[in-house]
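Data first, discussion second: the structure below is written as structure tokens.
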Amino acid sequence: MKTMQAPAASSKIVLVMLLLALGLAGAAADSSRRRLVSSSSDEPCKQMTLYLHDILYNGVNNTANATAAPATKPTDLSTSHWSNGTFFGMLVVFDDLVTEGTALPVGDEEPAARAQGFYFYDKKESYNAWFTFSLVFDSKAYKGTLNLMGADLMDDETRDLSVVGGTGDFFMARGIATIRTDATEGYFYFRLKMDIKLYECYV
Amino acid sequence: MKTMQAPAASSKIVLVMLLLALGLAGAAADSSRRRLVSSSSDEPCKQMTLYLHDILYNGVNNTANATAAPATKPTDLSTSHWSNGTFFGMLVVFDDLVTEGTALPVGDEEPAARAQGFYFYDKKESYNAWFTFSLVFDSKAYKGTLNLMGADLMDDETRDLSVVGGTGDFFMARGIATIRTDATEGYFYFRLKMDIKLYECYV
Amino acid sequence: MKTMQAPAASSKIVLVMLLLALGLAGAAADSSRRRLVSSSSDEPCKQMTLYLHDILYNGVNNTANATAAPATKPTDLSTSHWSNGTFFGMLVVFDDLVTEGTALPVGDEEPAARAQGFYFYDKKESYNAWFTFSLVFDSKAYKGTLNLMGADLMDDETRDLSVVGGTGDFFMARGIATIRTDATEGYFYFRLKMDIKLYECYV
């Protein structure tokens with residue numbers, strides 16, 4: 001037995017109808033968060049665009065700026081196909097800056113969030129990665145985290161990660177983060193544009 | 001206050017009933033995906049069986065075939081109990097072939113999917129592992145990913161991983177993957193049978 | 001179009017009302033698990049408190065007791081800010097004991113669960129970590145797993161991890177685990193108090 005959640009003209013209308021139908025309209029007065037689930041893939045309950053800046057430690061002179069460093073070396077499989085290797089097996093731990101615009105924060109400016117987690121390269125024949133991290137928000141706009149994971153299929157212009165959970169202002173969230181490589185500078189900097197759409201929220 | 005989702009004879013019946021009840025039957029005409037949640041643990045909204053082939057790099061002569069390689073060595077805890085060690089702390093990155101039958105693809109044959117992620121061994125006293133990976137589908141049948149994680153309790157004949165998210169054709173999926181070691185060849189090959197059942201789908 | 005799940009005085013009342021409304025009251029007789037979702041953030045469908053004990057291998061003389069060991073060393077970024085370093089990039093694999101009270105199990109006493117997974121340190125300026133692991137239950141009370149992930153923001157007194165999935169007795173669970181450092185002994189032992197609240201259950 002399966003159940004399809006009721007589609008409706010708007011969540012408020014459904015809510016009111018259900019409250020009336022169940023004779024429980026008074027319940028809407030309590031102050032806790034209430035579950036809100038999108039019944040359709042084209043209407044997220046929350047949406048935002050953020051930029052992730054990964055500044056990789058170059059092993060020489062960027063310790064002050066670097067936000068990411070390799071915790072493991074590429075394996076021998078990495079060089080079996082390409083002369084320079086594809087970093088197969090290199091795992092990078094990061095505490096990256098996340099911003100609303102494309103620019104890095106200047107001076108005292110606070111980032112929109114930090115991205116804390118890791119990625120590793122996982123293909124012999126080409127660059128391809130896998131990510132898992134938390135977006136950690138501690139700003140006027142938001143306090144809380146979003147937890148993400150998924151394949152970063154670098155041959156594709158855009159690729160989708162899963163938002164598998166959230167805390168604080170993003171209590172119990174689920175959704176999709178569509179990422180796109182927005183800029184790169186050699187081996188030691190890349191910027192990802194992240195279009196995040198949540199389909200399960202508590203509001 | 002908790003809400004139980006309505007059980008019903010079939011999802012289509014419920015959908016129609018709810019649409020009629022809410023006077024919104026016209027909404028069914030739009031082309032986006034709609035959320036479908038199983039109300040019962042014995043009726044998944046989608047089901048499939050796949051085989052994962054892990055060919056571990058042996059450090060010598062199988063770079064052409066290998067799809068996995070250790071990114072870290074076993075720790076000293078690995079050898080504290082068993083003479084040969086239990087690989088405690090060895091983390092293996094993989095880009096494994098996934099097939100519908102038990103055989104590896106031959107010639108130009110496309111795999112059903114790739115499994116990209118890692119596992120590591122995490123027990124002193126015996127072999128025991130932990131997995132997280134994406135099933136990456138790029139075939140005629142499916143485009144998209146499923147994201148999995150969980151304990152691979154190798155002492156048990158079958159063990160359950162969580163499907164915590166999905167993208168593309170598996171948009172927002174959740175479910176369970178029951179895995180079973182289907183074949184092994186020494187240290188450098190194993191095949192997992194994966195029975196995947198999804199209980200949250202968008203269709 | 002979005003759908004809000006119906007709030008109600010109690011899940012049983014809603015279930016009965018919906019069953020009656022849909023003319024399917026007989027369906028309640030089957031033996032499989034049924035989905036139960038909390039509509040409100042202050043009423044979890046399940047709740048428990050557990051303690052996680054991490055005994056880190058000290059490289060010398062605690063192989064018998066140790067349940068965790070570093071699989072990677074801190075990166076060079078670790079020492080750029082603090083003289084002793086912040087372990088940036090050190091990844092620790094663990095198979096930790098989990099108990100209902102604060103004490104470690106004595107003699108033949110069974111732990112409430114094992115916690116199998118890893119954490120790594122990910123900040124240059126201070127101690128900060130990221131966790132992912134499975135709580136593996138194999139006791140009289142429970143059989144099954146809960147899968148968790150999230151940022152361990154060590155500057156905060158409490159921090160929330162996401163419970164992103166579950167198996168067995170925790171089939172398809174989702175929720176929040178609020179953790180707090182309950183005790184530490186030097187570098188090689190810490191105990192986390194975990195308040196786990198599930199908001200999606202199958203019962």
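What follows draws every value from the coordinates through simple rules; no lab data is involved. Since this is a predicted model, take the numbers as computed values, not measurements. Using ideal geometry, Cβ is built from the backbone for each residue, glycine included, and neighbour counts are taken over all protein chains shown.
Please state the relative contact order of the stretch A:81-203 as a whole percent: Cα pairs under 8 Å, 6+ residues apart? Don't skip to the answer; put the middle values down first.
Values: 283 pairs, mean separation 18.9, N = 123.
Reported as a whole number, the value is 15 percent.
Other protein chain C-beta atoms within 10 Å of residue C-beta, averaged over A:163-172: 6. Amide H contacts under 5 Å for B:Gly166: B:Asn147, B:Met172, B:Ala173, restricted to partners 5 or more places along the chain or on a different chain, H placed in the peptide plane at 1.01 Å from N.
Using a 10 Å cut-off around each Cβ of peptide C:112-120, what is the average number of partner chain Cβ atoms that fall inside? Intermediate values should be presented prior to the final figure.
Details: counts 0, 0, 5, 2, 10, 7, 5, 0, 6.
Neighbouring Cβ atoms belonging to other protein chains average 4 per residue here.
For the stretch A:108-182, the average shadow cast by the Cα convex hull is 5.7 nm², which is a quarter of the hull's surface.
Chain B residue nearest by beta-carbon to the axis mapping B to C, with distance in Å: B:Val164, 3. Each copy carries a label point for B:Gly107 at 7 Å from Cα toward Cβ; from one copy, the others' points are 6.9, 6.9 nm away, ordered from shortest.
What's the ranking of A:35-46, A:68-79, B:157-168 by average number of surrounding C-beta atoms within 10 Å, highest first?
Values: A:35-46: 19.8, A:68-79: 21.6, B:157-168: 23.3.
Listed from highest to lowest mean packing, they are B:157-168, A:68-79, A:35-46.
Taking the three principal axes of the alpha carbon atoms in the stretch C:72-152, the coordinate ranges are 49, 25, 19 Å, sorted in descending order. Evaluated over the stretch C:33-200, the count of Lys pairs having alpha-carbon atoms less than 26 Å apart is 12 (only pairs 8 or more residues apart or interchain). Expressed per residue, the C-alpha convex hull volume of the stretch B:33-200 stands at 118 Å³. With R₀ set to 30 Å, the beta-carbon distance separating B:Ser126 from A:Glu125 gives a calculated FRET efficiency near 0.30.
Comparing Cα centroids, the stretch B:154-193 and the stretch A:158-203 end up 25 angstrom apart.
Placing a label point 7 Å from the Cα of C:Asn61 along the Cα-to-Cβ direction, the distances to the matching points in the other copies come to 4.8, 4.8 nm, shortest first.
Would you mind giving the mean number of other chain beta-carbons within 10 Å of the Cβ of each residue in C:41-48, as a whole number?
3
The separation of the stretch A:53-76 from the stretch B:44-102, counted between C-alpha centres, amounts to 26 Å.
Here the Debye sum runs over all C-alpha atoms of the stretch B:33-110 as equal scatterers in vacuum, and log10 of I(q)/I(0) at q = 0.15, 0.23, 0.24 Å⁻¹ comes out as -0.79, -1.06, -1.10.
Each other copy holds its own label point for A:Tyr187; taking that point as 7 Å from Cα along Cα to Cβ, the gaps run 2.9, 2.9 nm, nearest first.
The magnitude of the dipole of the stretch A:33-200, with charges of +1 and -1 set on the Cβ of Lys/Arg and Asp/Glu and taken from the Cα centre, is near 520 debye.
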